[in-house]
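A.B. asks: The structure is given below, and queries will be raised subsequently.
What follows is calculated from the coordinates using simple rules that are stated; it is not laboratory data. Fair warning: this is a prediction, and the values are worked out from it, not measured in the lab. We place every Cβ from the backbone using ideal geometry, glycine too, and count neighbours over all the protein chains shown.
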Amino acid sequence: MNNKKMVPAVAVFALFACASVQAADKPCARPDIANAQRAIDKVVSWSQLRKAYGDFKQCDSGDVADQFTDALLRMMVEWKNVDELASAMNKDAEYKAFVVRHLQSPAAKDDQPTVYARAKKECPKTLDSFCSDLADAVKPGAKSGSSNTAGSGDIGIQPMMEPLRIETVKPAAKPDAAKPDAK
């Protein structure tokens, strides 16, 4: 291959590689947070949730994460068109991790029993594996927002230490030191 043709090809490849890395590490700017919140508030279908995730995954923390959890749970509790969610999760491991993370978040604890019951009792016949994974993610008694290791239930959190108690004592003033000698 001619070196003159190879240099532009390598440059183009490097440009695309850098662009994809930059997109993956895209920071969440203040306008992104507001746009994410508006988009997530409008989610009423799995495709809209997937789009909001794709557009604003870099903002998935704090209030935006709570909104993602609320939107996901609204959809899970309704249990409509779960085949669309299953399909999206099967195609994209990162999206699947996002869904599981939000199902296991402390904010989801009140709806986890409902999602578990639906996954166990109302699963479409063709989605047994999906529903089994979903049920395992929200199984009653599982610790929310953590990953258990080797089924031990111990997630390595140490008990909080007692706060340090410091008493301040005002030193007693010496009566003779306070008064200058009149002699």
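A.B. asks: So what does log10 I(q)/I(0) come out to for the stretch 15-143 at q = 0.14, 0.16 Å⁻¹, using the Debye formula with one equal point on every Cα and no solvent?
C.D. replies: The computed values of log10 I(q)/I(0) come out as -0.62, -0.79.
A.B. asks: Fewest to most neighbouring Cβ within 10 Å: what's the order for TRP46, TRP79?
C.D. replies: By the 10 Å Cβ count, ascending, the order reads TRP79, TRP46.
A.B. asks: Rank these for me by crowding, THR114, THR69, THR126, going from fewest to most other beta carbons within 10 Å.
C.D. replies: On the way: THR114 14, THR69 21, THR126 9.
Least to most surrounded, the residues fall as THR126, THR114, THR69.
A.B. asks: For the pair TRP79/THR114, report the inter-label distance in nm, with labels modelled 7 Å from Cα in the Cβ direction.
C.D. replies: Calculated label separation equals 1.1 nm.
A.B. asks: Let me ask you something else. Going by how many other beta carbons lie within 10 Å of each one, how would you line up ILE33, ILE40, fewest first?
C.D. replies: Working: ILE33 16, ILE40 25.
So the residues, fewest neighbours to most, are ILE33, ILE40.
A.B. asks: Once you put a point 7 Å from the Cα of LYS26 and another 7 Å from the Cα of SER132, both along the Cβ direction, what distance in nm separates them?
C.D. replies: The answer from the label model is 3.7 nm.
A.B. asks: Can you give the direction-averaged projected area of the convex hull of the alpha-carbon atoms in the stretch 69-142, in nm²? All intermediate terms of the calculation are to be shown ahead of the outcome.
C.D. replies: Numbers: hull surface 17.2 nm².
Projected area, direction-averaged: 4.3 nm².
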